[in-house]
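Taking it in order: structure first as C-alpha coordinates, then the write-up.
The values are calculated or read from the model by the stated rules, or taken from the named source; none is laboratory data. Owing to the predicted nature of the structure, the values given are computational and were not obtained by experimental measurement. Reconstructed Cβ throughout: ideal geometry from the backbone, glycine too, with neighbour counts over all protein chains shown.
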Amino acid sequence: MIAAADIGGHTLTVGTAENGAVLRKRTVATPPERTPRAVCAAVRAILEGLGVPAETPLALGVPGFVLDGERVSGCPNLNGWEGVTADELSDLCGHAVTLANDCDLFALGEMSAGAAKDLDDFVFITLGTGVGGSVIVNRRLVRGAHGRTGEIGHFALLDDRSCGCGGRGHLESFFSANAFERAAKKFHMEPDMPALWERRENAWLARPFAEGTRALACVLTSLTCLLDPQAIVIGGGLSHLDGLCDDLRDYMFPLLPRAYRPGPELRLAQLETDAPLLGAEELLTGKNRPHGR
Ligand SMILES: [Zn+2]
(Lines give C-alpha, C1' and ligand atoms only; values in the text may rest on other atoms or scores of the structure.)
Protein backbone atom coordinates (compact mmCIF):
# COMPACT_ATOMS: atom_id res chain seq x y z
CA MET A 1 0.00 0.00 0.00
CA ILE A 2 1.12 3.56 -0.69
CA ALA A 3 -0.19 6.89 0.49
CA ALA A 4 -0.38 10.07 -1.57
CA ALA A 5 -1.44 13.67 -1.24
CA ASP A 6 -2.35 15.98 -4.09
CA ILE A 7 -1.80 19.54 -2.91
CA GLY A 8 -3.82 22.04 -4.90
CA GLY A 9 -4.13 25.77 -4.44
CA HIS A 10 -7.73 25.27 -3.35
CA THR A 11 -8.18 21.60 -2.39
CA LEU A 12 -6.11 18.86 -0.81
CA THR A 13 -6.77 15.18 -1.56
CA VAL A 14 -5.12 12.54 0.61
CA GLY A 15 -5.55 8.79 0.30
CA THR A 16 -4.11 5.33 -0.18
CA ALA A 17 -3.83 2.96 -3.13
CA GLU A 18 -2.83 -0.64 -3.69
CA ASN A 19 -2.69 -2.89 -6.77
CA GLY A 20 -4.09 -0.20 -9.05
CA ALA A 21 -7.09 0.64 -6.87
CA VAL A 22 -7.79 3.56 -4.57
CA LEU A 23 -8.50 2.24 -1.08
CA ARG A 24 -9.54 5.33 0.85
CA LYS A 25 -9.38 9.04 0.24
CA ARG A 26 -10.49 12.38 1.60
CA THR A 27 -10.63 15.78 -0.04
CA VAL A 28 -10.59 18.92 2.10
CA ALA A 29 -9.97 22.63 1.51
CA THR A 30 -6.24 23.45 1.41
CA PRO A 31 -5.29 25.18 4.70
CA PRO A 32 -5.46 28.92 3.90
CA GLU A 33 -1.82 29.51 4.98
CA ARG A 34 -0.75 27.14 2.15
CA THR A 35 2.61 26.65 3.94
CA PRO A 36 4.49 23.32 4.21
CA ARG A 37 3.83 23.21 7.96
CA ALA A 38 0.06 23.80 7.67
CA VAL A 39 -0.42 21.53 4.66
CA CYS A 40 1.67 18.69 6.11
CA ALA A 41 -0.21 18.92 9.43
CA ALA A 42 -3.46 18.48 7.48
CA VAL A 43 -2.00 15.55 5.48
CA ARG A 44 -0.77 13.91 8.67
CA ALA A 45 -4.13 14.33 10.42
CA ILE A 46 -6.02 12.82 7.47
CA LEU A 47 -3.62 9.85 7.22
CA GLU A 48 -3.99 9.24 10.95
CA GLY A 49 -7.76 9.51 10.61
CA LEU A 50 -7.67 6.92 7.82
CA GLY A 51 -5.57 4.61 10.02
CA VAL A 52 -2.57 4.59 7.65
CA PRO A 53 0.55 3.11 9.36
CA ALA A 54 3.57 5.45 9.64
CA GLU A 55 5.78 3.09 7.59
CA THR A 56 3.59 3.59 4.50
CA PRO A 57 5.54 5.58 1.87
CA LEU A 58 3.95 8.90 0.91
CA ALA A 59 4.09 10.70 -2.44
CA LEU A 60 3.42 14.43 -2.20
CA GLY A 61 2.24 16.02 -5.43
CA VAL A 62 3.00 19.73 -5.35
CA PRO A 63 1.89 22.29 -7.93
CA GLY A 64 5.35 23.58 -8.72
CA PHE A 65 8.87 22.87 -9.83
CA VAL A 66 10.32 19.77 -8.17
CA LEU A 67 14.05 19.22 -8.47
CA ASP A 68 14.93 15.54 -8.99
CA GLY A 69 12.12 14.45 -6.65
CA GLU A 70 14.12 15.82 -3.72
CA ARG A 71 13.46 19.54 -3.39
CA VAL A 72 10.85 22.13 -4.35
CA SER A 73 12.55 24.82 -6.39
CA GLY A 74 9.51 27.04 -6.90
CA CYS A 75 5.80 26.88 -6.17
CA PRO A 76 4.00 30.05 -7.32
CA ASN A 77 0.53 29.09 -6.02
CA LEU A 78 1.50 28.00 -2.48
CA ASN A 79 3.42 29.84 0.26
CA GLY A 80 6.90 29.15 1.59
CA TRP A 81 7.58 25.95 -0.36
CA GLU A 82 10.64 27.14 -2.25
CA GLY A 83 13.73 25.19 -1.14
CA VAL A 84 11.85 22.76 1.09
CA THR A 85 13.25 19.20 0.88
CA ALA A 86 11.71 15.72 0.90
CA ASP A 87 13.50 15.05 4.23
CA GLU A 88 11.95 18.13 5.86
CA LEU A 89 8.53 17.14 4.54
CA SER A 90 9.04 13.58 5.82
CA ASP A 91 9.56 14.98 9.33
CA LEU A 92 6.45 17.15 9.05
CA CYS A 93 4.25 14.37 7.63
CA GLY A 94 5.55 11.48 9.74
CA HIS A 95 5.99 9.33 6.58
CA ALA A 96 8.90 8.87 4.16
CA VAL A 97 8.07 11.44 1.47
CA THR A 98 8.82 11.26 -2.24
CA LEU A 99 8.23 14.62 -3.90
CA ALA A 100 6.56 14.80 -7.28
CA ASN A 101 5.06 17.39 -9.55
CA ASP A 102 1.27 17.14 -9.14
CA CYS A 103 0.63 16.99 -12.87
CA ASP A 104 3.06 14.06 -13.26
CA LEU A 105 0.99 12.07 -10.75
CA PHE A 106 -2.22 12.85 -12.67
CA ALA A 107 -0.58 11.83 -15.96
CA LEU A 108 0.67 8.51 -14.57
CA GLY A 109 -2.74 7.81 -13.00
CA GLU A 110 -4.64 8.51 -16.23
CA MET A 111 -2.16 6.28 -18.08
CA SER A 112 -2.62 3.41 -15.64
CA ALA A 113 -6.42 3.33 -15.59
CA GLY A 114 -8.02 6.35 -17.23
CA ALA A 115 -8.20 8.45 -20.38
CA ALA A 116 -4.62 7.61 -21.47
CA LYS A 117 -4.79 3.85 -20.90
CA ASP A 118 -4.39 3.12 -24.62
CA LEU A 119 -1.77 5.82 -25.33
CA ASP A 120 2.01 5.48 -25.64
CA ASP A 121 2.91 9.10 -26.42
CA PHE A 122 0.88 11.95 -25.02
CA VAL A 123 0.98 15.28 -23.29
CA PHE A 124 -1.06 15.73 -20.13
CA ILE A 125 -2.08 19.19 -19.03
CA THR A 126 -3.96 20.40 -15.96
CA LEU A 127 -5.95 23.61 -16.13
CA GLY A 128 -6.73 24.92 -12.67
CA THR A 129 -5.39 27.56 -10.30
CA GLY A 130 -2.32 27.39 -12.57
CA VAL A 131 -1.41 25.31 -15.62
CA GLY A 132 0.58 22.07 -15.27
CA GLY A 133 2.03 19.79 -17.92
CA SER A 134 3.65 16.37 -18.25
CA VAL A 135 5.17 14.58 -21.20
CA ILE A 136 4.90 10.82 -21.67
CA VAL A 137 6.97 9.15 -24.38
CA ASN A 138 6.76 5.39 -24.90
CA ARG A 139 4.75 5.17 -21.64
CA ARG A 140 7.59 6.69 -19.65
CA LEU A 141 7.47 10.04 -17.91
CA VAL A 142 10.03 12.38 -19.50
CA ARG A 143 11.94 14.01 -16.64
CA GLY A 144 14.67 16.09 -18.25
CA ALA A 145 18.03 17.05 -16.75
CA HIS A 146 16.53 18.23 -13.44
CA GLY A 147 13.16 16.48 -13.35
CA ARG A 148 11.24 19.55 -14.48
CA THR A 149 10.07 18.67 -17.98
CA GLY A 150 6.64 19.84 -19.08
CA GLU A 151 6.05 23.08 -17.19
CA ILE A 152 3.83 24.40 -19.95
CA GLY A 153 2.23 27.00 -17.67
CA HIS A 154 5.51 28.86 -17.99
CA PHE A 155 5.85 28.73 -21.76
CA ALA A 156 6.69 32.27 -22.79
CA LEU A 157 4.45 34.17 -25.19
CA LEU A 158 5.03 37.55 -26.77
CA ASP A 159 3.91 39.59 -23.79
CA ASP A 160 5.37 41.37 -20.80
CA ARG A 161 2.92 40.65 -17.97
CA SER A 162 4.57 39.14 -14.90
CA CYS A 163 4.01 35.54 -13.75
CA GLY A 164 3.99 34.22 -10.17
CA CYS A 165 7.16 32.23 -10.95
CA GLY A 166 9.26 35.38 -11.44
CA GLY A 167 9.30 35.21 -15.25
CA ARG A 168 7.27 37.19 -17.76
CA GLY A 169 4.64 36.61 -20.44
CA HIS A 170 3.83 33.06 -19.40
CA LEU A 171 0.77 31.01 -20.38
CA GLU A 172 -0.49 30.99 -16.78
CA SER A 173 -0.93 34.75 -16.86
CA PHE A 174 -3.41 34.27 -19.75
CA PHE A 175 -5.18 30.98 -19.12
CA SER A 176 -5.70 29.87 -15.51
CA ALA A 177 -8.32 30.28 -12.81
CA ASN A 178 -6.07 32.95 -11.30
CA ALA A 179 -5.87 34.89 -14.56
CA PHE A 180 -9.62 34.74 -15.22
CA GLU A 181 -10.47 35.66 -11.64
CA ARG A 182 -8.21 38.68 -11.91
CA ALA A 183 -9.98 39.74 -15.10
CA ALA A 184 -13.41 39.25 -13.47
CA LYS A 185 -12.46 41.37 -10.46
CA LYS A 186 -11.37 44.14 -12.78
CA PHE A 187 -14.93 44.23 -14.12
CA HIS A 188 -16.43 43.85 -10.59
CA MET A 189 -17.81 40.39 -11.40
CA GLU A 190 -17.97 37.37 -9.08
CA PRO A 191 -15.01 35.04 -9.75
CA ASP A 192 -17.27 32.02 -10.41
CA MET A 193 -15.53 30.28 -13.31
CA PRO A 194 -18.36 28.28 -14.96
CA ALA A 195 -20.67 31.34 -14.77
CA LEU A 196 -17.98 33.59 -16.23
CA TRP A 197 -17.21 31.07 -18.98
CA GLU A 198 -20.88 30.93 -19.99
CA ARG A 199 -20.80 34.68 -20.39
CA ARG A 200 -17.56 34.66 -22.37
CA GLU A 201 -19.22 36.39 -25.32
CA ASN A 202 -19.93 39.33 -22.99
CA ALA A 203 -18.12 42.37 -24.30
CA TRP A 204 -16.01 42.81 -21.16
CA LEU A 205 -15.06 39.17 -20.79
CA ALA A 206 -14.59 38.32 -24.45
CA ARG A 207 -11.08 39.68 -24.59
CA PRO A 208 -9.49 37.85 -21.62
CA PHE A 209 -11.20 34.57 -22.51
CA ALA A 210 -10.42 34.73 -26.22
CA GLU A 211 -6.87 35.80 -25.46
CA GLY A 212 -6.45 33.03 -22.87
CA THR A 213 -7.86 30.29 -25.09
CA ARG A 214 -5.77 31.46 -28.02
CA ALA A 215 -2.64 31.52 -25.83
CA LEU A 216 -3.33 27.94 -24.74
CA ALA A 217 -3.94 26.92 -28.37
CA CYS A 218 -0.58 28.49 -29.34
CA VAL A 219 1.22 26.44 -26.69
CA LEU A 220 -0.59 23.22 -27.65
CA THR A 221 0.32 23.84 -31.29
CA SER A 222 3.99 24.26 -30.37
CA LEU A 223 3.86 21.09 -28.26
CA THR A 224 2.33 19.22 -31.19
CA CYS A 225 5.22 20.25 -33.43
CA LEU A 226 7.80 19.44 -30.73
CA LEU A 227 6.48 16.05 -29.61
CA ASP A 228 4.01 14.79 -32.25
CA PRO A 229 1.79 13.25 -29.51
CA GLN A 230 -1.09 10.83 -30.15
CA ALA A 231 -3.29 12.98 -27.93
CA ILE A 232 -3.33 15.84 -25.48
CA VAL A 233 -5.20 14.82 -22.34
CA ILE A 234 -6.73 17.69 -20.39
CA GLY A 235 -7.51 17.57 -16.68
CA GLY A 236 -8.04 20.02 -13.83
CA GLY A 237 -11.04 22.09 -12.77
CA LEU A 238 -11.14 24.28 -15.89
CA SER A 239 -11.13 21.26 -18.24
CA HIS A 240 -14.87 20.95 -17.58
CA LEU A 241 -15.66 24.34 -19.07
CA ASP A 242 -18.35 23.62 -21.64
CA GLY A 243 -17.01 23.61 -25.22
CA LEU A 244 -13.38 24.32 -24.28
CA CYS A 245 -11.98 21.49 -26.43
CA ASP A 246 -14.01 22.70 -29.44
CA ASP A 247 -12.74 26.25 -28.96
CA LEU A 248 -9.15 24.96 -28.69
CA ARG A 249 -9.50 22.87 -31.85
CA ASP A 250 -10.86 25.88 -33.74
CA TYR A 251 -7.96 28.07 -32.61
CA MET A 252 -5.33 25.38 -33.21
CA PHE A 253 -6.38 24.43 -36.74
CA PRO A 254 -5.05 27.50 -38.60
CA LEU A 255 -1.97 27.66 -36.34
CA LEU A 256 -0.90 24.09 -37.13
CA PRO A 257 1.32 23.35 -40.12
CA ARG A 258 -0.93 21.81 -42.81
CA ALA A 259 0.88 18.47 -42.47
CA TYR A 260 -0.19 18.22 -38.80
CA ARG A 261 -3.87 19.09 -39.28
CA PRO A 262 -6.35 18.41 -37.79
CA GLY A 263 -3.90 17.97 -34.90
CA PRO A 264 -3.75 15.49 -32.03
CA GLU A 265 -6.90 14.28 -30.36
CA LEU A 266 -7.91 16.43 -27.40
CA ARG A 267 -9.26 14.21 -24.63
CA LEU A 268 -10.64 14.94 -21.20
CA ALA A 269 -9.16 13.20 -18.17
CA GLN A 270 -11.47 10.68 -16.49
CA LEU A 271 -10.30 9.83 -13.01
CA GLU A 272 -10.62 13.14 -11.15
CA THR A 273 -9.11 12.89 -7.65
CA ASP A 274 -8.34 9.15 -8.03
CA ALA A 275 -5.72 9.98 -10.68
CA PRO A 276 -2.94 11.34 -8.42
CA LEU A 277 -3.37 8.44 -5.98
CA LEU A 278 -3.09 5.82 -8.74
CA GLY A 279 -0.25 7.83 -10.32
CA ALA A 280 1.57 7.88 -7.00
CA GLU A 281 1.38 4.10 -6.84
CA GLU A 282 2.86 3.94 -10.36
CA LEU A 283 5.61 6.31 -9.31
CA LEU A 284 6.50 4.55 -6.06
CA THR A 285 6.19 0.95 -7.27
CA GLY A 286 6.06 0.83 -11.07
CA LYS A 287 8.41 1.32 -13.98
CA ASN A 288 8.13 5.11 -13.66
CA ARG A 289 10.13 5.19 -10.42
CA PRO A 290 12.55 8.14 -10.34
CA HIS A 291 16.06 7.09 -11.37
CA GLY A 292 18.34 5.64 -8.73
CA ARG A 293 15.68 5.21 -6.06
ZN1 LIG B 1 5.72 31.56 -14.97
Checklist entry - Which residue out of W204, W197 is away from the ligand (no atom under 16 Å from the Cβ), assigned by TED's automatic domain parsing to the domain that holds I125, over 24 Å from P76 (Cβ atoms) and not basic (K, R)? => result W204
Checklist entry - How many of the residues making up region 114-129 are touching a Gly at 6+ places or on another chain (Cβ under 6 Å) and either in a loop (DSSP other than H, G, I, E, B) or of a type in the set (A, V, I, L, M, F, W, C) (or both)? => result 4
Checklist entry - Quick one: would you say V97 is under 27 Å from I234 (Cβ atoms), over 17 Å from the mean Cα position of the chain (by Cα) and modelled with pLDDT of 95 or more? => result no
Checklist outcome for this item: Scanning region 228-270 for residues that are of a type outside the set (S, T, N, Q), over 21 Å from M193 (Cα atoms) and part of a loop (DSSP other than H, G, I, E, B) gives D228, P229, L256, P257, R261, P262, G263, P264
Next on the checklist: Yes or no: region 130-146 includes at least one residue that is under 22 Å from C225 (Cβ atoms), among the hydrophobic types (A, V, I, L, M, F, W, C), out of contact with any Ser or Thr (no Cβ under 6 Å at 6 or more places or on another chain) and within 16 Å of the ligand (Cβ to nearest atom).
Outcome noted: no
Checklist entry - Within the bounds of region 34-52, is there any residue that is farther than 23 Å from W81 by Cα and of a type in the set (A, V, I, L, M)? => result yes
Checklist outcome for this item: Output for Cβ contacts, cut-off 9 Å, separation at least six or different chains, first residue aromatic (F, W, Y) in region 180-201, second in a loop (DSSP other than H, G, I, E, B), reads F180/P191; F187/N202; W197/L241; W197/D242; W197/G243
Checklist entry - Out of (1) among the aromatic types (F, W, Y); (2) surrounded by fewer than 22 Cβ atoms within 10 Å (Cβ to Cβ); (3) more than 16 Å from the ligand (Cβ to nearest atom), what's the single condition that is false for F155? => result (3)
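Let's see how each residue does on (1) modelled with pLDDT of 95 or more; (2) within 19 Å of H240 (Cα to Cα); (3) not acidic (D, E):
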position: V123; (1), (2), (3): yes, yes, yes
position: G130; (1), (2), (3): no, yes, yes
position: H170; (1), (2), (3): yes, no, yes
position: E181; (1), (2), (3): no, yes, no
position: R207; (1), (2), (3): no, no, yes
position: A215; (1), (2), (3): yes, yes, yes
Checklist entry - Which of the residues belonging to region 165-222 are aromatic (F, W, Y) and in a loop (DSSP other than H, G, I, E, B)? => result F174, F175, F187
Checklist entry - In region 132-164, how many residues are of a type outside the set (A, V, I, L, M, F, W, C), in a strand (DSSP E or B) and over 10 Å from D104 (Cα atoms)? => result 2
